[in-house]
1. Express in nm, to one decimal, how much length is gained between Thr387 and Asp410 on full extension, taking 0.36 nm for each residue of separation and deducting their alpha carbon distance.
2. How large is log10 of I(q)/I(0) for the stretch 240-357 at q = 0.09, 0.22 Å⁻¹ when the intensity is taken from the Debye formula with one equal scatterer per alpha-carbon?
3. Roughly how many Å² of His165 are accessible to a 1.4 Å probe, to the nearest 10?
4. How do 485-492, 76-83 rank on mean C-beta neighbours within 10 Å, highest first?
5. Quick one: of Lys92/Lys406; Lys229/Lys402; Lys61/Lys117, which pairs are farther than 26 Å apart, Cα to Cα?
6. Label-point separation (nm) for Thr259 and Lys92, each offset 7 Å from Cα along Cα-to-Cβ?
7. Among the lysines, select those whose C-alpha is under 21 Å from the C-alpha of Lys382, and discard any that sit fewer than 8 residues away in the same chain.
8. Need one number: convex hull volume per residue for the stretch 48-121, Cα atoms only, in Å³.
Amino acid sequence: MQTPRWTAAADPTRRRLLIGGSGLAGLALLGGCTTQREPSPTPVRAGDKRVREVEARRRRKGAPVREHSLRVDPTDVDLGGPVARTWTYNSKLPGPAIRVTEGDILKVSVSNQLPEKTTIHWHGVALRNDMDGAPGITQKPIEPGATFGYEFAVPYPGTYFFHPHVGLQLDRGLYAPLIVEARDEPGRYDHDVAIVLDDWVDGAGRTPEDVLAELDRTPPLTPEGRPAKGHSEFLGGGAGEVDYPHYLINGRLAAAPETVTAKPGDRMRLRLINAGSDTTFRVALAGHRMTVTHTDGYPVEPIDADVLVVAMGERYDVIVTLESGVFPLVAAAEGKAGLARALVRTGPGRVPGDGLRPPELRSRPLMATDLTAAEDVRLDAKKPDRTHNLFLGGETDSYRWKINAKTYPDTDPLPVAEGERVRLKLVNQTMMIHPIHVHGHTFAVRTPDGRPGPRKDTVIVKANEALEIDLVADNPGQWLAHCHNLYHMERGMMVVLSYMR
Ligand code: C2O
Ligand code: CU
């Protein structure tokens, strides 16, 4: 039997036939009386007609097209004293923030001036598969000297960011916020500030490649199954294993922080983005409680917190009502020695010493599993059509990370079909945390008490714990799912969520 050229979803009769067909095949198998076989399922590739159809559905008539251009190039950046030779977008650190409104078409021309290939991944955005920036899966990487045009509809509001998806480039200066405003933003705040957290090594004596070479010489787990470094009491294991010389907020060291000015009583929305490669941050604003309103772009039932834990790839939006004075916003590297900070100034006052750890940091931190999805973004409780287990593992004798006992690119793809409700059971069999990120989808975190968990695209799986996430398979294509610890990802903790027809 030949594989038909039309797609299942484009032709409803074909879908019916398939369902009927597999039923028959089942019977035939039971009877064992036929040699006829079903056509083997084929992956829905990034260039598939179905990907274009789903994109066409996202585009509303007359949607404005927002054009930007990014030059990816080697640059010197001033971290607030030390100057580092690194790679940036448009010679800025962080790169230029892109702000659009939900429903807009974003068009970005990327010119690669690096000595190596690159791509851009639009982290968290449910976009068309062929614009996802996964090299070798959704596109050919952009060659040195070449230009590539990304163009896609931006369906949902929220706080996102973008970064390369090639090698260790994210651990240089290649990241920037992507802010998608809601069309009917109630505007219940006076200031809207992106806070990008990062761990910094490049141009400070070592490169990310040097860091990986060091990790390669150290197996991730000691023979007793303990991580060699970076233990976090709160997370029950290692939160990151690289000691970075610097930690940054918006490209600045704690000693030369970015200062945001406002008036006492103003309401400020802070969009916290962890663009770090191997650092989980504990974030607090001295003298304030934060009201958490969103995570990974999606609204939650507002909840107050003194301190938040933000892993690599996660975002949290909080609102604070400002007191009078000068207040450090501190991001302390979890399980490590350093910290990053910015300052919020609403009046006269002394700038506290750059090592100051506000008492809020010692409160019990809030994390994703404590949150409840806002009503309009809840995923209705429904039995999954398909469940995949992802056993997250490591090795004791070499620096390699695994999903279901295999290292990417040898990991077995996880098949799904469009329209299914899919459950991923993330089972962490290591003594480190793994922030697991799924491309192109926003899943619902399952809570033990049955509370509707937050919608997210990146979630911490604590050491030796399991977590279930549910998603609707509504964005056909080939999507990476991986640990957002860049070094874990580079050493294999990655898999493909593969739409099949
Ligand atoms: Cu932010 Cu596949 O990554
Ligand atoms: Cu990991």
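1. Fully extending the segment from Thr387 to Asp410 adds 6.2 nm.
2. Taken in order of the listed q values, log10 I(q)/I(0) reads -0.23, -1.32.
3. 10 Å²
4. 485-492, 76-83
5. Lys92/Lys406; Lys61/Lys117
6. That separation, rounded to one decimal, is 2.2 nm.
7. Lys425, Lys456
8. Enclosed volume per residue, from the Cα hull, is 107 Å³.
The values are calculated or read from the model by the stated rules, or taken from the named source; none is laboratory data. Keep in mind that what you see is a predicted model, and the values were worked out from it rather than measured. Neighbour counts run over all protein chains shown; Cβ positions are idealised from the backbone, glycine included. Each accessible area value is taken on the protein alone, full model and side chains, heavy atoms only, with ligands, DNA and RNA left out. Shrake-Rupley method; radii C 1.70, N 1.55, O 1.52, S 1.80 Å.
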